[in-house]
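Note sheet for the following structure.
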Amino acid sequence: MIWHLFAVLIMAVCLGGAAFGLRKLTRGKVPKWLIPASAAAGMFGYLAYYDYSWHAFKLSQLPAGTTVIAEKRETSFLKPWRYVYPAVSAFTILDGKFSSRLQDHQVLVEYIEYTFRADPIEGLDTQAFVLNCNTLERVPFDPGKHQISGAVEKIEAHDAIYRKACR
């Protein structure tokens, strides 16, 4: 987080300095207000660049075989560029590692979902699930305590989770 603040300040100094240099080269013909406006444009430009490139950067760090199953795009008052095209602020992946069991003539698959969040501070949430491939139901559970930790959820046969885990 501190590095992003540092990068924002560097962009402000660079673009403000470029505008200052342009003003000096033209011997004052460029208006004074262009210097802080250029600094502000540099700061907002970096923030918008980081906002839109975060998703692709995180995906490039993931191992081969991971599947994105959900993306969350949001607008934000403090990030006005998101009103034009909302950036991905969170996404959920499957790592491709499943544990299948046959119990009472039901195919049960255990898997872990990883949710990456960008706002306001980057974070990672993990949640283990058991998916019943026959009834298309899944339930979150706590692998440490070996107990259910949430309500049963219905999924659709066209969901990426079902297609990946119950092939």
**Inverse mean reciprocal Cα-Cα distance (Kirkwood Rh) of the chain, Å** = 19.4 Å
**Request:** Give me the angle, in degrees from 0 to 90, between the Cα long axis of helix 2-25 and the longest principal axis of the Cα atoms of the chain, rounded to the nearest 10.
**Result:** 30 degrees
**Complete:** Taking L108, L78 and ranking on accessible area (1.4 Å, protein atoms only), highest first, one gets L78, L108
**Fill in**
Taking W3, W54, W33, W81 and ranking on accessible area (1.4 Å, protein atoms only), highest first, one gets W3, W33, W81, W54
**Message:** If each residue of separation counts as 0.36 nm, what is the full-extension length gain between E137 and A160 once their alpha-carbon separation is subtracted?
**Reply:** 6.9 nm
**Fill in**
By the rule of no other cysteine beta carbon under 4.7 Å, the lone cysteines of the chain are C14
**Prompt:** Against the longest principal axis of the chain, how steep is helix 34-61, in degrees 0 to 90 to the nearest 10, with axes from Cα atoms?
**Reply:** 20 degrees
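Ignoring the sites themselves, what is the longest stretch of the chain with no GluC sites (Glu not before Pro) in a DSSP loop and at most 14 other beta-carbon atoms within 10 Å? The partial results should precede the final answer.
Values: sites that count: E122, E156.
For GluC sites (Glu not before Pro) (loop position, at most 14 other Cβ atoms within 10 Å), the longest site-free span of the chain is 1-121.
The values are calculated or read from the model by the stated rules, or taken from the named source; none is laboratory data. Bear in mind that the values here come from a model prediction, so they are computed numbers and not experimental data. All Cβ positions, even for glycine, are placed from backbone atoms using ideal geometry, and neighbour counts span all protein chains on display. Surface areas here come from the heavy atoms of the whole protein model, side chains and all, with no ligands, DNA or RNA. Shrake-Rupley method; radii C 1.70, N 1.55, O 1.52, S 1.80 Å.
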